[in-house]
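Peer 1: Structure in structure tokens, see below.
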Amino acid sequence: MAEMQAMMPGQVQQQSDPGLERARIPAEAAWEALGRYGLPPSPRNYELLHSFYSGANPTLRERLAPCLAPGGTLTEELAGTLYESCIADTAPGAIVLDGASRLADAAGRLAERVAGSRRALAGYADALTHWSGRLNARPTEDELMTALVALIGETEQAQARNRLLEEQLSVSAGHIDRLHRDLVEAQRAAVTDTLTGLANRKAFDQFLRDAITRTRADSGSTFCLIMLDIDHFKGLNDRHGHRFGDQVLRLLGRLLSEKTTDRDLAARYGGEEFAIVLGEAGIGAGVALAQLVCDRLRGQRLVKRGSGEVVAQVTISAGVAQYRSGEAARDVIERADRALYEAKRTGRDRVCPRPQAAGA
């Protein structure tokens, strides 16, 4: 910012703009905070801190203030959590609506250009009809020359209008294509966990509701819900730092992505807890997949970035529940959660199934 304010030799200093000054203060504070807490200068982290210092988000200000107070800490994981809960849950909807509005405006302008071209072409057709009638009436040589000059002029104008329309259509098509890509990206971001790249809680809730609707419509289908939780995650963060904790979360996210298909959904349920909706699968398939993920994570050789220190094994516990006919979403989640709690209670680093037996 200092470089931007430096005056060139001979430049006359202009009176400062109060509005510009107000906009500059939160921007500089956000950049300073990124460096102070060692956060990557990503768009997400900058938006989080800029929203805080601008005072535009009271909920975020209340939750983030203790972290930025003297003695407070702000980690990448915590920044991601605050962004998801205070900004992403509301911002993407606004982004999508704004993108849709801009897309509609661009389409409207394109329609106006096409309509204008149609009117111009209609005028050209009228001119052709007029001069065609004149030519059919046995014109004199002077009248023939007049008609020829007029037709050449009208044709050149029509060609120029067509060339202009083609250029405008090309520009508009590119603009609309960019707006469409932005809109698709905003919609994707609205249902994606920024740290792991998995589906977020909002996407999980919708996918689970849809799975229940499909299963109710087809009595022969079923699915499993797997809830997974990283064992002793708080201890990992305390011993090795939150950056290492983020590394573990990303690793588990990649493992879950690799082991699920298009008919399934892997999601970050919250914090260090993850969930998988396993489509068209019974309890056996759910337990097998959960055990495979547990084994794969336990077998990973984890190294702290920067120091190269090899860290002890990281394990997860998992609970599995198969959907029961007539259940609501909260019911199957509760049974999978109880199974997860049982896995934790009986030693961790294990999978606990909840079969369909009554009361299980």
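Peer 1: Starting from residues that are within 28 Å of the chain's Cα centre (by Cα) and buried (at least 24 other Cβ atoms within 10 Å of the Cβ), keep the ones in the stretch 294-325 and report whichever is farthest from Ala336 (Cα to Cα).
Peer 2: The qualifying residue farthest from Ala336 (Cα to Cα) is Ile316.
Peer 1: Can you work out which of the residues in the stretch 140-190 that are of a type in the set (S, T, N, Q) and open to solvent by less than 90 Å² (accessible area, probe 1.4 Å) is modelled with the lowest pLDDT?
Peer 2: Across the stretch 140-190, the extreme among qualifying residues is Ser172.
Peer 1: Please count how many residues of the stretch 258-277 are assigned to a loop (DSSP other than H, G, I, E, B) and either closer than 20 Å to Asp210 by Cβ or open to solvent by less than 40 Å² (accessible area, probe 1.4 Å) (or both).
Peer 2: 6
Peer 1: Please identify the pairs in which a residue from the stretch 279-300 that is of a type outside the set (A, V, I, L, M, F, W, C) has its Cβ atom under 6 Å from the Cβ atom of a residue that is open to solvent by 50 Å² or more (accessible area, probe 1.4 Å), counting only partners at least 6 apart or on another chain.
Peer 2: Listed by first residue and then by second, the contacts come to Gly279/Arg263; Arg298/Gln313.
Peer 1: If you check every pair at least six apart or on different chains, which have Cβ atoms under 8 Å apart with a residue in the stretch 129-158 that is of a type in the set (Gly, Ala, Ser) first and a residue that is at pLDDT below 70 and part of a loop (DSSP other than H, G, I, E, B) second?
Peer 2: As it stands, the answer is Ala147/Pro139, since those pairs meet every condition given.
Peer 1: Out of the stretch 326-343, which residues are open to solvent by 20 Å² or more (accessible area, probe 1.4 Å) and not hydrophobic (A, V, I, L, M, F, W, C)?
Peer 2: Gly326, Arg330, Asp331, Glu334, Asp337, Arg338, Tyr341, Glu342
Peer 1: Scan the stretch 193-212 for residues that are touching a Gly at 6+ places or on another chain (Cβ under 8 Å) and assigned to a loop (DSSP other than H, G, I, E, B) and report the count.
Peer 2: 6
Peer 1: Among (1) out of contact with any helix residue (DSSP H, G or I) (no Cβ under 9 Å at 6 or more places or on another chain); (2) part of a helix (DSSP H, G or I), there is one condition Leu255 misses while meeting the rest; what is its number?
Peer 2: (1)
Peer 1: At least 1 residues that are at pLDDT below 80 and not polar (S, T, N, Q) in each: list the helices (runs of 4 or more DSSP H) lying fully within the stretch 35-131 that qualify.
Peer 2: Of the helices (runs of 4 or more DSSP H) lying wholly inside the stretch 35-131, those with at least 1 residues that are at pLDDT below 80 and not polar (S, T, N, Q) span 43-54, 58-68.
The values are calculated or read from the model by the stated rules, or taken from the named source; none is laboratory data. For clarity, every value in this text was computed on a predicted model and none was experimentally measured. Glycine gets a Cβ as well: all are built from the backbone with ideal geometry, and neighbour counts include every protein chain shown. Side chains are part of the model used for accessible areas, which takes the heavy atoms of the whole protein and leaves out ligands, DNA and RNA. Shrake-Rupley method; radii C 1.70, N 1.55, O 1.52, S 1.80 Å.
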